[in-house]
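First the structure, then my questions, so here it is.
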Amino acid sequence: MKTLKLLFLSLILIGSFSCSSDDDETSTPPDDSLQLSDIVGSWKATSSVHTNNANAAESFDIIANGGEIRFTLLAHGGVRTWIDFGDFHDEYDSQASISGDILTNTPVESGRPIRRFIVSKVGNTLTLINENDAFDFTLSGDSPVTSTSVTTMVPNI
């Protein structure tokens, strides 16, 4: 009888380990984080809203006010960005990488700052959020103030 109880307990333990193992495999979600390959191509901003970090009531949408922001990302992570707003025109090259939900954009020119964005993509819409951006809300050439930028982009076809 003692041997039968030990055999029965052994079967229960073996069964519980195999069930636990199966549960672990099925409950682990697949890695669906965004990869650079998911955003290779040309993109155009549909909005780019800067909000003053010190005064949330102050915001400015560059695109709604006549600006244009575009970038092209190549498979190896090389990026060319174009920004046009009024008399301001800028074009620069950088290297992009993604880790988790952070897109890091490292400019080729050493004088430009490295920029980090929280990045997400839903369907064909790419969203880039930079909580440590800067913007001149006076549009007069004054020193920019810290801002949060939220830029929404779609494929530039």
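For residue 133, all conditions in the list (1) modelled with pLDDT under 95; (2) closer than 16 Å to residue 153 by Cβ; (3) acidic (Asp, Glu) hold save one; what is the number of the exception?
(1)
Just checking, which of 94, 120, 140 is more than 20 Å from residue 44 (Cβ to Cβ) and either crowded, with 17+ Cβ neighbours inside 10 Å or not charged (D, E, K, R) (or both)?
Residue meeting the stated conditions: 140.
The values are calculated or read from the model by the stated rules, or taken from the named source; none is laboratory data. Since we're looking at a predicted model, the values are computed, not measured. Glycine also receives a Cβ, built like all others from the backbone with ideal geometry; neighbour counts cover every protein chain displayed.
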